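Asks: Shown below is the structure under consideration.
The values are calculated or read from the model by the stated rules, or taken from the named source; none is laboratory data. In this text the structure is predicted, and so the values were computed from the model without any measurement. All Cβ positions, even for glycine, are placed from backbone atoms using ideal geometry, and neighbour counts span all protein chains on display.
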Amino acid sequence: MMKKVDKRDRAEQFRLRLKQAIDLAHSNQSALARAAGVDRSTISQLLSGDGARLPNAHLVGACAAALGVSSDWLLGLSDRPESAADILATSLSVTEAPRALVDEQIFEWHREAEGYKIRYVPATLPDMLKTRAMLEWEYAPHLGKTAEQAINASQDRLAWMQASNSDFEVALPLHELTCFAGTRGYYAGLPDDVRREQFAHLIRMTETLYPRLRLYAFDARRVYSAPITIFGPLLAVIYMGSNYITFRDTERVQAFTTHFDALVREAEVSAREIADHLTELSDAG
């Protein structure tokens, strides 16, 4: 239920916020009067009056538009000065997603969220846990002559992420590991020596980095997830392949966090069991 506000308090809040908006816009009473289509004396009265009356809706809207804020914020009905369109624009965006790991944007998001828990559902195996040979096999066809530089850059950045103050939770489908073990589907044609080295690396990393790194495997027949990364409470990112869809509003980030936590609860293989499971798959392959 919205708290009832006394008319005088709301009128005073309007005057304070109008003055604040003028200052933030580096404007003045004369400029605002011209933009709003009223006399300067009208703006002066809005700022200096001590009564309980508020201006009409048309004048409030004109002032808000001229100063780049929302009418709701001027009237004390919102704590955010941005317009609804601006809030939507900043809360959801689409960013190009390069196929290679020379992706400055994803690295910037990791740095922005350093110290927070990062939750990750990868599209394949987790990039941060791939060997150099695996990266070369997986990404070289997309990189052409820049493969060496791209892989070197990716390893430097992934090493930074592993050394950061963030905790990482990774959840991936069981069938991803099974296909990797049998070099089927996406992993068809993967050389056996690369597969064995990658398994050994995965096992070593899940053991030595635990509990800062926790890897879970879920049954995709029971629960499903698109590739997503949740950077603490700051943002959530869906990976589409050619683009990232990013969400920064608290409600949606929390919804993605709840979704991820459900994957962890439903995991067939827990973080404590994952090294043994990987060893079994490696031996069977």
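Asks: Mind checking which pairs have a first residue in the range 219-230 that is over 16 Å from Val253 (Cβ atoms) and in the same structural domain as His175 (by TED's automatic domain parsing) and a second that is at pLDDT below 95 and part of a loop (DSSP other than H, G, I, E, B), Cβ under 7 Å, 6 or more apart or different chains?
Replies: What qualifies is Pro227/Pro122; Pro227/Ala123.
Asks: On to the next question. If you go through the range 230-244 one residue at a time, do you hit one that is surrounded by fewer than 18 Cβ atoms within 10 Å (Cβ to Cβ), polar (S, T, N, Q), modelled with pLDDT of 95 or more and under 29 Å from His201 (Cβ atoms)?
Replies: no
Asks: With the requirement that a residue be assigned to a loop (DSSP other than H, G, I, E, B) and surrounded by 17 or more Cβ atoms within 10 Å (Cβ to Cβ), what does the range 10-42 give you?
Replies: Residue satisfying the conditions is Val38 alone.
Asks: Restricting attention to the range 171-189, which residues are of a type in the set (S, T, N, Q) and either more than 18 Å from Thr131 (Cβ to Cβ) or crowded, with 18+ Cβ neighbours inside 10 Å (or both)?
Replies: Thr178
Asks: So in the range 190-210, with the set limited to residues that are surrounded by 14 or more Cβ atoms within 10 Å (Cβ to Cβ) and outside any helix (DSSP H, G or I), which one is modelled with the highest pLDDT?
Replies: Leu190
Asks: Do you know which residues across the range 246-276 are touching a residue at least 60 places away in the same chain (Cβ under 8 Å), part of a helix (DSSP H, G or I) and among the hydroxyl-bearing types (Ser, Thr, Tyr)?
Replies: Thr257
Asks: I'd like to check something: does the range 103-113 contain any residue that is modelled with pLDDT of 85 or more, assigned to a loop (DSSP other than H, G, I, E, B) and within 30 Å of Phe260 (Cα to Cα)?
Replies: So far as the range 103-113 goes, yes, one or more of its residues are modelled with pLDDT of 85 or more, assigned to a loop (DSSP other than H, G, I, E, B) and within 30 Å of Phe260 (Cα to Cα).
Asks: Something else about it: How about the range 43-59: which of its residues are more than 13 Å from Lys19 (Cα to Cα) and part of a helix (DSSP H, G or I)?
Replies: Matches in the range 43-59: Ala57, His58, Leu59.
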